[in-house]
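The values are calculated or read from the model by the stated rules, or taken from the named source; none is laboratory data. This is a predicted model, so every value here is computed, not measured. Neighbour counts run over all protein chains shown; Cβ positions are idealised from the backbone, glycine included.
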Amino acid sequence: LESNDVEITGVEHKLGLRGQATCALSVGDNDDCRAYLLGRNPLENDGKGDGMKIMFNMMNSARIGVGLQSAAMAANAMYNARDYAYERVQGRNTKGKRIPIIEHADIKRSLLHQKACVEAFRAMNYKGNYYVDINKHHPDPEVRKKADSTVQMLTPLCKGYCSEELWNLVSEAIQIFGGYGFCEDYPVARIARDCKVLSIYEGTNYIQSMDLIGRKMTMEKGVPFQEFIKDIADFIEANQASEGFAKEFEIMAEALNAFKRILKVVKQYLSERNMDMISVFSKRILMATAQLFAGRCILDQALLADKKIKELGKEHYDYNFYIGKVASARYFVRNIVPNIFSIATIVEGADTTVLDIPLEAFDY
Ligand SMILES: Cc1cc2nc3c(=O)[nH]c(=O)nc-3n(C[C@H](O)[C@H](O)[C@H](O)COP(=O)(O)OP(=O)(O)OC[C@H]3O[C@@H](n4cnc5c(N)ncnc54)[C@H](O)[C@@H]3O)c2cc1C
């Protein structure tokens with residue numbers, strides 16, 4: 001392309017990523033453009049080519065990348081909010097002493113909510129990236145193939161859930177800044193602008209949810225998805241007697257049962273080819289699936305952290321790191337995983353209001 005053929009528009013008109021020259025590229029308008037065919041020629045293979053398959057190799061790692069980027073942005077907002085919460089003195093404790101806001105229970109709740117989600121995002125994304133590595137580098141082709149299926153399974157969860165929740169987490173961080181959060185003195189407003197695109201690009205999160213239900217749950221006759229569920233069930237069974245974690249495993253077991261109720265409804269809609277009802281619930285089902293998986297991943301880390309706490313003792317420099325890990329997992333499982341119960345009730349309720357409401361009703 002000659003530089004004067006390129007018209008850059010839109011750079012000044014977007015919500016975030018102001019340092020990035022986002023533009024709409026229109027290729028081939030002058031009928032003077034070349035393309036290269038990747039893989040088999042569909043004209044010579046009964047209309048079957050390899051383009052989508054090859055594109056998805058790139059797409060899966062890009063999407064898992066968005067999951068990790070979501071964890072990074074949420075962490076950035078959280079650490080900024082934490083630093084501000086130490087500085088800002090406002091209100092008093094029960095003894096009448098003026099205190100930094102980090103000592104108020106609601107601020108601690110908000111920070112712990114952010115920390116638990118950030119650590120859950122990291123845990124699930126590290127798992128996804130672990131299988132990306134196995135898929136690329138393991139010498140055994142069978143193991144590589146299995147890892148590929150796992151990556152495909154985990155991709156919409158890492159991308160869709162983390163980027164969807166990110167927006168709410170940055171909102172929590174901004175809230176901690178009070179009025180300052182609404183100004184430009186601190187980076188959180190910028191993070192809010194930048195982070196929104198994560199739920200949009202690399203396939204919007206609705207598309208991720210349809211990918212999960214329409215493709216990933218059923219691919220290879222449903223075997224990778226069954227293995228995904230079995231892994232969670234096995235994890236619960238193997239660890240439910242762990243000392244100090246009875247409540248967490250009880251919630252995880254209940255959540256798994258609730259999730260199976262959701263799957264029963266999904267199966268019925270799929271067998272009836274009732275894609276409208278699948279669409280109505282798909283994003284919420286994606287969230288429930290990811291919350292179940294994230295609960296499993298973060299609880300796994302907590303068990304190891306608990307062991308380390310006992311081994312290392314209070315004086316060790318990593319003690320509070322491990323204490324934080326256990327607290328994050330407890331919070332996540334007790335406060336976020338139970339969302340799956342309400343999603344199960346909603347899905348079973350089969351409410352059709354979304355489909356029934358006439359478009360004209362949106363006039364008001
Ligand atoms: C900052 C930025 C950088 C980008 N970088 C790149 C890039 O490098 N390369 C590239 O190729 N693209 C890039 N994109 C494009 C991006 O991937 C698309 O914007 C995104 O996939 C959504 O597509 P769309 O904008 O056409 O939205 P639309 O497809 O018009 O979607 C609009 C809304 O309708 C919903 N929707 C669409 N279809 C359906 C359906 N069938 N059923 C229900 N709901 C539906 C969507 O979920 C969404 O909420 C970039 C976009 C941005 C904002």
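Counting only residues that are in a helix (DSSP H, G or I), of a type in the set (A, V, I, L, M) and under 30 Å from Asp106 (Cβ atoms), how many does region 325-364 have?
Here is the first cut: in region 325-364, the ones in a helix (DSSP H, G or I) are 325-336, 339-349, 353-356, 359-363.
Add one more test, that the residue is of a type in the set (A, V, I, L, M), and what stays is 326-327, 329, 333, 336, 340, 343-344, 346-347, 354-355, 359, 361.
Of the ones still in play, those that are also under 30 Å from Asp106 (Cβ atoms) are 326-327, 329, 333, 336, 340, 343-344, 346.
Of the residues in that region, 9 qualify.
Conditions (1) over 30 Å from Pro224 (Cβ atoms); (2) assigned to a helix (DSSP H, G or I); (3) polar (S, T, N, Q); (4) touching a Ser or Thr at 6+ places or on another chain (Cβ under 7 Å), marked per residue:
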| site | (1), (2), (3), (4) |
| --- | --- |
| Gln69 | no, yes, yes, no |
| Met73 | no, yes, no, no |
| Asn80 | yes, yes, yes, no |
| Gln90 | yes, no, yes, no |
| Thr155 | no, yes, yes, no |
| Val170 | yes, yes, no, no |
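Of these, Tyr269, Tyr319, which one is of a type in the set (Phe, Trp, Tyr), within 30 Å of Tyr126 (Cα to Cα) and modelled with pLDDT of 95 or more?
Details: Tyr269 fails: within 30 Å of Tyr126 (Cα to Cα).
Unique residue meeting the criteria: Tyr319.
Give the residues of region 83-108 that are more than 14 Å from Gly181 (Cβ to Cβ), β-branched (Val, Ile, Thr) and surrounded by 11 or more Cβ atoms within 10 Å (Cβ to Cβ), sorted by residue number.
Going residue by residue through region 83-108, those that are more than 14 Å from Gly181 (Cβ to Cβ) are 86, 89, 91-100, 102-106, 108.
Going one step further and asking which of them are β-branched (Val, Ile, Thr), we end up with 89, 94, 99, 102.
Answer for region 83-108, where residues must be more than 14 Å from Gly181 (Cβ to Cβ), β-branched (Val, Ile, Thr) and surrounded by 11 or more Cβ atoms within 10 Å (Cβ to Cβ): Val89, Ile99, Ile102.
Against the condition in a helix (DSSP H, G or I) and within 21 Å of Leu112 (Cα to Cα), how does Gly295 come out, does it pass? Can you show your working first?
Numbers: in a helix (DSSP H, G or I): yes; within 21 Å of Leu112 (Cα to Cα): yes.
So Gly295 passes the test.
Please work out if Gly16 is assigned to a loop (DSSP other than H, G, I, E, B) and within 16 Å of the ligand (Cβ to nearest atom). Outline the logic, then answer.
Values: assigned to a loop (DSSP other than H, G, I, E, B): yes; within 16 Å of the ligand (Cβ to nearest atom): yes.
When the stated conditions are applied, Gly16 passes them.
Please pick out the residue among Lys310, Lys325, Lys267 that is free of Cβ contacts under 8 Å to residues at least 24 places away in the same chain, more than 26 Å from Asp211 (Cβ to Cβ) and not aliphatic (A, V, I, L, M).
Lys310 is the lone residue from the list that is free of Cβ contacts under 8 Å to residues at least 24 places away in the same chain, more than 26 Å from Asp211 (Cβ to Cβ) and not aliphatic (A, V, I, L, M).
Just checking, which of Tyr201, Tyr186 is part of a loop (DSSP other than H, G, I, E, B), within 15 Å of the ligand (Cβ to nearest atom) and touching a helix residue (DSSP H, G or I) at 6+ places or on another chain (Cβ under 8 Å)? Give the steps one after another, and end with the answer.
Working: Tyr186 fails: within 15 Å of the ligand (Cβ to nearest atom).
After applying the criteria, what remains is Tyr201.
Has region 109-131 got at least one residue that is surrounded by fewer than 19 Cβ atoms within 10 Å (Cβ to Cβ) and within 16 Å of the ligand (Cβ to nearest atom)?
no
Suppose the filter is within 15 Å of Asn80 (Cα to Cα) and hydroxyl-bearing (Ser, Thr, Tyr); does Ser171 pass it? Talk me through it step by step, then tell me what you get.
Working: within 15 Å of Asn80 (Cα to Cα): yes; hydroxyl-bearing (Ser, Thr, Tyr): yes.
It is true that Ser171 is within 15 Å of Asn80 (Cα to Cα) and hydroxyl-bearing (Ser, Thr, Tyr).
So Gly128 passes all but one of these: (1) in contact with a Cys (Cβ under 7 Å, 6 or more places away or on another chain); (2) at pLDDT 95 or above. Which condition number does it fail?
(2)
Among what's in region 204-255 and is polar (S, T, N, Q), part of a helix (DSSP H, G or I) and within 16 Å of the ligand (Cβ to nearest atom), pick the residue that is surrounded by the fewest Cβ atoms within 10 Å (Cβ to Cβ). I'd like the intermediate steps shown before the answer.
Applying the first criterion (polar (S, T, N, Q)) to region 204-255 yields 204-205, 208-209, 218, 226, 239-240, 242.
Add one more test, that the residue is part of a helix (DSSP H, G or I), and what stays is 205, 208-209, 226, 239.
Now restrict to residues that are within 16 Å of the ligand (Cβ to nearest atom): 205, 208-209.
Values: Asn205: 22, Gln208: 27, Ser209: 25.
Only one residue fits best here, namely Asn205.
Among the residues of region 87-101, are any modelled with pLDDT of 95 or more and in contact with a Leu (Cβ under 9 Å, 6 or more places away or on another chain)?
Checked against the condition, which is being modelled with pLDDT of 95 or more and in contact with a Leu (Cβ under 9 Å, 6 or more places away or on another chain), region 87-101 yields no hits at all.
Need the failing condition index for Arg261 against (1) crowded, with 19+ Cβ neighbours inside 10 Å; (2) away from the ligand (no atom under 16 Å from the Cβ), just the number.
(1)
Can you spot a residue in region 62-82 that is modelled with pLDDT of 95 or more, farther than 19 Å from Leu166 by Cβ and more than 15 Å from the ligand (Cβ to nearest atom)?
Step one: of region 62-82, the residues modelled with pLDDT of 95 or more are 66-82.
Filter once more, keeping what is farther than 19 Å from Leu166 by Cβ: none.
Within region 62-82, none of the residues are modelled with pLDDT of 95 or more, farther than 19 Å from Leu166 by Cβ and more than 15 Å from the ligand (Cβ to nearest atom).
Please list, ordered by first then second residue, the pairs with beta carbon atoms under 9 Å, 6 or more apart or interchain, first in region 192-209 and closer than 15 Å to Met73 by Cα, second among the acidic types (Asp, Glu) and part of a helix (DSSP H, G or I).
Pairs found: Leu198/Glu164; Ser199/Glu164.
Would you check if Tyr131 is part of a helix (DSSP H, G or I), hydroxyl-bearing (Ser, Thr, Tyr) and farther than 18 Å from Asp83 by Cβ?
On the way: part of a helix (DSSP H, G or I): yes; hydroxyl-bearing (Ser, Thr, Tyr): yes; farther than 18 Å from Asp83 by Cβ: yes.
Here the answer is yes, as Tyr131 does meet what is asked.
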